[in-house]
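> Please read through the structure below; I'll follow up with questions.
The values are calculated or read from the model by the stated rules, or taken from the named source; none is laboratory data. Not measured: the values here are computed from a predicted model. Cβ atoms come from the backbone with ideal geometry, glycine included; neighbour counts cover every protein chain shown. Quick note on the areas: whole protein, heavy atoms, side chains included, nothing else; ligands and nucleic acids left out. Shrake-Rupley method; radii C 1.70, N 1.55, O 1.52, S 1.80 Å.
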Amino acid sequence: MASTRAAIRYAKAILDLANSKGVAEAVNNDMKTIAQAIESNLELSTFIQNPTTKVEVKESALLEVFANVDGVTKGLFHLLFENKRFEILEGIALEYKRLFDESNGVEVAKVTTAIPMDAALEAKVLAKVATLSDKKITIENIVDPSIIGGFILRIGDQQYNASVANRLQVLKRELSN
């Protein structure tokens, strides 16, 4: 889900509030849980997006589903209830995570592979990526069988494509010229 301007503003405000109360890490964990739950559960996503469901029902359901979240996160649910904006909850959660990582000097390296990475390969990639950036790096593995083999590494706005599919495309272009 693409973040909207409203989601970005809400996320910034929640991050500021969480930082002032000293619970930014706990709220970040809540946002990870919320984003993952909405992304993986079609029923929850449909429920939140449904414009015919009353906002009171949405708020009480979210407070029940996410009963163990921090008070700041519960306050976000109430704010979304007051403004009738529950449909941007996933965008807020994703944007909050991005802003939290950015403020703590954490950068996400997205590694696309044909098969899931095991722990040993992830450690090797993390060691190599650490030489490219002075920030703390976390790895997000994206599995895409269409790259056939190899990997695609993306850190910020830099990308290194060492996939078999890319090499085949380059070879195809060279042979067609």
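> Place +1 on the Cβ of every Lys and Arg and -1 on the Cβ of every Asp and Glu in the range 52-146, take the dipole about the Cα centre, and give the residue among 68, 119, 131 whose Cα lies farthest towards its positive end.
131
> On a 0 to 90 degree scale, rounded to 10, what angle separates helix 119-130 from the longest Cα axis of the chain?
90 degrees
> Still on this structure, please answer the following. Compare 12, 32, 128 in a GNM of the chain, Cα atoms joined below 10 Å, and give the one with the largest fluctuation.
Judging by the Gaussian network model, the answer is 128.
> Can you give the accessible area per residue of the chain, in Å², using a 1.4 Å probe?
Values: 10860 Å² over 177 residues.
It amounts to 61 Å² per residue over the chain.
> Also, I was wondering about something else. Please check: in the Gaussian network model of the chain (C-alpha springs, under 10 Å), which one of 67, 93, 18 has the largest mean-square fluctuation.
Largest GNM mean-square fluctuation: 67.
> Another question about this same structure. Take the chain, connect every pair of alpha-carbon atoms lying under 10 Å apart with a spring to form a Gaussian network, then pick out the residue of 115, 48, 92 with the largest mean-square fluctuation.
115
> Another question, if that's okay. Take residue 37 and residue 148, extend 7 Å from each Cα along the Cα→Cβ direction, and tell me the distance between the two endpoints in nm.
Computed distance between label sites residue 37 and residue 148 equals 4.3 nm.
> Helix 89-103 against the longest principal axis of the chain: what's the angle in degrees, Cα atoms only, rounded to the nearest 10?
Taking Cα atoms only, the helix is inclined about 60 degrees.
> Considering only DSSP states other than H, G, I, E and B, which trypsin sites (Lys or Arg not before Pro) in the range 58-95 qualify as loop sites with at most 15 other Cβ atoms within 10 Å? Walk me through the intermediate numbers first.
On the way: sites: 58, 74, 84, 85; in loops: 84, 85.
Qualifying residues, ordered by number: 84.
> Angle check, please: helix 71-83 long axis (alpha carbons) against the longest principal axis of the chain (alpha carbons), in degrees 0 to 90, nearest 10.
80 degrees
> Modelled label-to-label distance, residue 84 and residue 29, 7 Å Cα→beta-carbon offset: nm?
3.6 nm
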